[in-house]
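One structure is given here, and the rest of the page talks about it.
The values are calculated or read from the model by the stated rules, or taken from the named source; none is laboratory data. Quantities reported herein were computed from a predicted structural model and do not represent experimental measurements. Here the Cβ positions follow ideal geometry from the backbone for every residue, glycine too, while neighbour counts run over all protein chains shown. Note: areas computed on protein heavy atoms with side chains; ligands, DNA, RNA excluded. Shrake-Rupley method; radii C 1.70, N 1.55, O 1.52, S 1.80 Å.
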Amino acid sequence: MSKEKKKILITGASRGIGKDIALKSKENGYIVLGTSTSEEGAQGLEKKGIHGLVLNLNDSKSIEGFNDALIKDHSDIEILINNAGITRDNIVLRMSDEEWMDVLNVLLNGTFKISKTVLKFMLKKRWGRIINITSTSATTGNRGQANYAAAKSGVEAFSRSLAKEVGSRGITVNSVAPGYIETDMTEQINNKMKEEILKQIPLSRFGRAEEVSQLIEFLITDEASYITGQTIHINGGLYM
Ligand code: NDP
């Protein structure tokens with residue numbers, strides 16, 4: 001199958017869900033580029049046979065340099081997974097401008113800026129896959145996560161709009177919205193809160209990174225070519 005020659009870029013591939021997507025994509029025969037915010041993280045990826053690049057989506061200079069490097073060396077990228085993410089939780093009354101902007105920059109502005117660059121490569125090939133990792137909270141909202149939920153919801157609306165712009169060129173754009181997945185991000189939740197959350201999940205457990213990456217591996221194939229503009233939920237029934 002043609003996927004063996006395809007190049008995939010995954011932002012935030014040094015840990016968690018992104019790392020699992022990178023490893024699975026490599027296993028499946030893709031040429032894999034992954035990012036980390038640090039040189040150390042990028043080197044860690046190299047050790048696993050993934051081409052590691054440094055990218056900080058909260059730093060416009062870093063994004064500029066990264067995009068230039070893509071144009072110079074990787075204009076054959078056909079698949080993009082906008083996965084990098086952070087949380088800066090706080091209730092709105094206490095939320096600082098910085099907490100608001102950091103999250104908006106990494107999640108929403110970052111997705112726009114990297115997609116715009118890679119999209120030009122895809123348009124030339126008349127084939128492409130963009131998957132944006134969002135969150136259940138984009139749909140449900142979440143106390144203490146107004147910044148995060150607003151950004152993720154913005155990414156979903158961005159995905160649908162872009163899907164309409166580029167569908168005729170063989171490019172699909174979808175969002176994957178996970179619920180609670182066991183990674184460093186959910187490690188921050190205290191035990192009492194975890195118990196409360198588990199009561200709301202019909203499958204009575206958090207998800208695993210590989211359960212998300214498995215779904216993504218399907219969405220990037222030729223077989224998924226009629227799926228676009230969708231938000232696909234994977235949350236153990238937390239939201240239905
Ligand atoms: P992790 O915290 O495990 O990993 C985050 C990744 O993003 C790391 O590779 C990290 O790089 C990178 N990253 C962090 N800050 C930046 C930045 N400023 N610029 C570029 N990259 C950055 O997260 P998860 O694997 O849990 O989350 C992956 C995605 O899934 C995120 O978009 C998250 O919002 C979403 N998600 C996660 C859920 C969960 O329950 N885990 C639920 C719903 C959605 P580094 O290692 O260098 O810090």
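Of note:
- With respect to being crowded, with 23+ Cβ neighbours inside 10 Å, within 9 Å of the ligand (Cβ to nearest atom) and either closer than 20 Å to Ile220 by Cβ or modelled with pLDDT of 95 or more (or both), Ile17 fits the description.
- Residues of the range 30-58 that are part of a loop (DSSP other than H, G, I, E, B), closer than 20 Å to Phe121 by Cβ and open to solvent by 30 Å² or more (accessible area, probe 1.4 Å): none at all.
- Restricting the range 178-190 to residues that are charged (D, E, K, R) and part of a helix (DSSP H, G or I), the residue that is farthest from the ligand (Cβ to nearest atom): Glu187
- Residue check, Thr117 over 16 Å from Tyr239 (Cβ atoms), within 16 Å of the ligand (Cβ to nearest atom), open to solvent by less than 20 Å² (accessible area, probe 1.4 Å) and of a type in the set (Ser, Thr, Tyr): yes
- Options Gly170, Gly141: the member that is within 30 Å of Phe121 (Cα to Cα), more than 8 Å from the ligand (Cβ to nearest atom), open to solvent by 10 Å² or more (accessible area, probe 1.4 Å) and out of contact with any Asp or Glu (no Cβ under 8 Å at 6 or more places or on another chain): Gly170
- Considered as a group, the residues in the range 191-220 that are more than 23 Å from the chain's Cα centre (by Cα) and closer than 27 Å to Lys24 by Cα include one that is nearest to the ligand (Cβ to nearest atom), and that residue is Leu203.
- Of residues in the range 59-72 being surrounded by 18 or more Cβ atoms within 10 Å (Cβ to Cβ) and not β-branched (Val, Ile, Thr), the one nearest to the ligand (Cβ to nearest atom): Phe66
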